[in-house]
Amino acid sequence: MEEVEKKDNTKKQLNFLSWEDAKKEAKKFLQNFTLKEKISLMYGSALNPMKRCVGQIEPIKVGWFNKGVKFAGIKFDDGPTGPRFQKGLTNSWPAPINLASTFNKELVYEVGKAQGYDFYHTGINVALTPCINLLRVPQGGRIFEGYGENPFLTGELCVELIKGIQSNGVIACAKHFIGNEQEKYRIASNSIIDERTLMEIYAEPFYKAIKKGDVGCIMCSYNAVNGTLLFKNKLMNEILKEKFGFNGFIISDWYAVNDDSPDSVNNGLDINMPGTISKLPVVYGILNPSFWSKIPKYVEQNLIKEEKINETAERIISTMFKFDQIKYFPKNEYYSQNFITEESKKLNRRVAAESNILLKNENNILPINLQKIEEQNKKYKIALLGIDAFKGNFYGQEPSFSNYIKSKVKADGHLTNGYGSGTTTYNYVIVPYDGIKSKINNFKNIELIPYAKLDKNENEDIETSKKIAEICDLVLIFVHSISGEGCLKIANSFGDRNDLDILHNGNQLIEEISQINQNVIVVINSPGPVNMDWKDKVKGIIFGGFAGQESGNGIADVLFGDVNPSGHLPFVIGKKEQYPSEINGLQEYDLLSSVKNVKIDEFKDTVKYDEGLFIGQYWFDKNNKIPTYYFGYGLSYTQFEFSDLSCNYDKNLKKLTAKYKIKNIGNYDGSAVALLYLTFPSEVENYPIRVLKGFDKYLLKINEIKECLYYSLF
C-alpha cells in the first residue's frame, strides 16, 4: 500500500454551502462542460467495484495525454456499519438495529460522525447508508441494516446518522426507496402499496431524511411499486423531488437499471450504478456498455430534454459543492492510516453495551456481582456455553468473493453482523469469551468453564454441555440467528430467514440445560425476533443484536454491572404466525432463480402490503395479540417513576409539547427511555390505536428527579 502525502491525510476546515449557493456554484462549474461530459456524470464505470469501493463515476480528464483533471470523479462505498472493502483499516460498528435499540439520538449522531471520518479519509464521496427500510416481515434479510419497525423511530434516528456523516464532508445516501422490505425476488418483485400506507409508513423516514437530515443522496430499490420498477418509477419525481423538495441526486441500486428506456432519466433517476449491463448484482467488473449509452441519441430525438441533462448534472455537482467536495477532497482512497483508535474503540464499546436489551431478570440474577461472590471465599463456577460465545470462521466480516459465489460461509461463531453489503472487513473482534474472561481473570475463587462444539457439524454438543452445567453455579448460554443480503446462502436460506428459530440446536440446548440448572442466563445475537418458547424456564435474557467489533466487551460490561442496560426493543417480538405477513417458499429460492429468464417488467413475485398502516406493534394492538415482548420493551437494573404528564398542541405552530417528570427510585444510576404515544380522534378511520410520536433518553443518578420537556412539530 502506497504512502500518501501528508496534506492528503490531513482534513481541512470544511466550508459547507446552502443549497442555493451550491446550485449557483454548480452552474458556474458546469459552464464549460460538453453535453457528453455532463452525461458521463450520470453513470458509473464499474472499474473499481469490490476493491476499495463498490462503484465510481470516472474522472473527466482534459489536455494532451489527459494530464489535466476537469472533474475528480465520485466514489461510492457501503455501508451501514462502516466503510466496506478497506482491508481491516476502519472500524466495524454495531449494526443499525443496535443503534435503534439505544433510543439515543446523541449517540447515533456520534456514530455517524465517526463513520463519516472513516469514509472521508478513505476517499469515499458517498456513504451508502442509512438503510431505512422497515422491519415489516420479521424474517427479512436486511432488517439488521435498518432501525426497526417504526417509521417515526427510524426517521428520527436516521436523521442523526445522516447529520453525523455529512458533518465530515461525506454525502450520506438514504436507501432503498421504496417498498423493499424483503430479499426474496427483490430484483423481480412488485410491491403493491396503497397511497396512504406508502406515504404515512414507508415514505416517512425518507421525508425526515430530506427535511431534517438534509441528506444529499437517495438510492432507489430493485423492486417495482404498483407495477413499475423503481428505476423508472415516477414516484422519484413526484414524492422525493416535488412533494418532499429533495435537492440532492438519486442513484440506482447496483444493476437495478435493466433496460434502455428514457423513462428512467425522465422520471427522476440521476445516476445509473454501477453503469454496466448485468442481470446479476454479484457479477462486478463486466465492462459492458451502459444501458444509458443511448442518452445522446434520446436527446437528439427529443425523448429526453437537454434541460433534463443540465438539471441532473447540476444536482450532482451542487451536492458536491454543498459538502465541500469539489474544492477539496482526499485524492487517494488507499490510505495507510489505521482509523481504529482508543477513542473509536471506546465509542464502539459504549454503543455495544448500551444497545443490549435486558428482557428478563428474575430474582435480580443480574448483574453478576463478582466482588460479592469472591468475598464468600468458596469456589464458584460459571459455565460459558453456546457457539455464539466464541470465535469462529465467520462473525459478520466480509467473506471472500469466491465464497459469495460458492456460498461456503458458515455462521459458526459469535455474530457481530449480518452478511452482504451491510458488513465490513474486520480489523479485530472481541467475542463474549474474551470480554467475560477479562472480567473474571483477577478473581481467585471464580472459575470460567467454556465449551461449545465448533466444527463442520455446527450443531451444539448438548450432552457435554449438560455435564458442564451440572457442576456449575451459573450458566451463560450464547445463541444466535443470522440473515443478510440475498447474495449468499447461510443456514439454508438466501438473505431472508426461513423461520424465527435459533440456529445450531440452540433452542434444544437452552431447554435441556434449564432442566438441570436453575441459574441460566441466555444472550441472543440476532438480526431481529426469534422464537423463545423457553423464556419461562430461564432466569435472565439479554437481546444483543449485532454489536460490532467490541461486542464481547459490551455484553460483559452489562453482565457484570459496569454498565446498566438501557436498550429497548425497536420491534415487537412475537410468534411467526402472529405477524400479518411472511415470506413463503424460501427453501426453493436462490439468487440465480430470482433473475433467470426474467423479462423486462415481468415479476416473479407480488408482495401485497395488505396490512396497511398496521405494521409491527400496531398490528398486534389492532388485533389484540399478546406478543412475547412489546415494541419499546427493555428492563434496567434500577427502576424509574414517571409522573406529572401534561401535553399541549398549538394548532397554529403545529407543535406538540409534553412535560413530565422522571425519578430514579432504584439502587443504580441508569438511563430511562420515555416514549410518547398519541391516540388520534375516532373520526380518523382505520388508524393505529396508539402512534409513537416522540422519545427521549435521560441519565439519572439514584434518587435524581428530572423535569423533562419534549416537543415535536407536525
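Worth a mention:
- Rounded to 0.05, the FRET efficiency of the residue 62 and residue 242 pair, given R0 = 60 Å and the Cβ-Cβ distance, is 0.95.
- Straightening the chain between residue 234 and residue 13 buys 75.7 nm, computed as 0.36 nm per residue apart minus the Cα-Cα spacing.
- Backbone HN-Hα couplings from phi across segment 520-527 [Karplus 6.51/-1.76/1.60, Hz, Gly and Pro as x]: 10, 10, 10, 10, 10, 10, 7, x
- Relative contact order for segment 495-554, counting Cα pairs under 8 Å that sit 6 or more residues apart, in percent: 33
- Evaluated with a Cβ-only charge set (Lys, Arg +1; Asp, Glu -1), segment 609-714 carries a dipole of roughly 240 debye about its Cα centre, given to the nearest 20.
- Cα long-axis angle, helix 306-322 against the chain (0 to 90 degrees, to the nearest 10): 50
- For q = 0.05 Å⁻¹, Debye-computed log10 I/I(0) when each Cα of the chain counts as one equal scatterer: -0.24
- Unpaired Cys in the chain, meaning no second Cys C-beta under 4.7 Å: 53, 131, 158, 220, 472, 487, 647, 708.
- Label-reachable residues, segment 219-245, where backbone N falls under 18 Å from a point 7 Å from residue 686's Cα toward its Cβ: 226
- Applying 1/(1 + (r/R0)^6) with R0 = 35 Å to the Cβ-Cβ distance of residue 211 and residue 608 gives a FRET efficiency near 0.75.
- Computed from the Cβ-Cβ distance with R0 of 60 Å, the FRET efficiency linking residue 293 to residue 663 stands at 0.35.
- Cα shape, segment 430-471, gyration tensor, a/c 1.5 rule: oblate
- Degrees separating the helix 506-516 axis from the principal Cα axis of the chain, which is the longest one: 10
- With all protein chains kept in place, the per residue accessible area of the chain amounts to 39 square angstrom at a probe of 1.4 angstrom.
- Relative intensity of segment 459-512 on a log10 scale, I(q)/I(0) at q = 0.15, 0.22 Å⁻¹, equals -0.52, -0.82, per a Debye sum over C-alpha point scatterers of equal strength in the absence of solvent.
- Residue 176 long-range amide H proximity, modeled H, under 5 Å: 132, 133
- The residue list 17, 127, 148 was ranked by how far each Cα lies along the charge dipole of the chain toward its positive end, using unit charges on Cβ atoms, and 17 comes out on top.
- Under a 5 Å amide H cut-off, with hydrogens placed 1.01 Å from N, residue 676 pairs with 693, 694, 695 among residues at least 5 apart or on other chains.
- Once the Kirkwood radius over Cα pairs is known for segment 481-547, the Stokes-Einstein relation at 25 °C and 0.890 mPa s delivers a diffusion coefficient of 191 µm²/s.
- Radius 13 Å from Cβ of residue 575, net charge of other residues (Lys, Arg +1; Asp, Glu -1): -2
- Residue 241 sits among other residues whose Cβ lies under 11 Å from its own Cβ, and their net charge, with Lys and Arg +1 and Asp and Glu -1, is -1.
- Charged side chains reduced to their Cβ positions (Lys and Arg at +1, Asp and Glu at -1) give the chain a dipole of some 1500 debye around its Cα centre.
- Sequence-distant contacts, meaning Cα pairs under 8 Å at least 6 residues apart, place the relative contact order of the chain at 16 percent.
- Projected-area average for segment 429-526 over all orientations - Cα convex hull basis, square nanometres: 7.4
- To the nearest ten degrees, helix 19-29 and the longest principal axis of the Cα atoms of the chain are 40 degrees apart.
- Segment 120-189 shape via C-alpha gyration tensor axes, a/c threshold 1.5: oblate
- Nearest-20 debye value, segment 467-526 charge dipole, Cβ charges on Lys, Arg, Asp, Glu: 140
- Projected label distance in nm at residue 699 and residue 644, using a 7 Å step from Cα toward the beta-carbon: 2.3
The values are calculated or read from the model by the stated rules, or taken from the named source; none is laboratory data. Note that the coordinates shown come from a computational prediction; the quantities given were computed from them, not determined experimentally. Don't worry about glycine lacking a Cβ; one is built from the backbone with ideal geometry, like all the others, and counts go over all protein chains shown. Remember, those area values only see protein heavy atoms, side chains included, never the ligands or the DNA or RNA. Shrake-Rupley method; radii C 1.70, N 1.55, O 1.52, S 1.80 Å.
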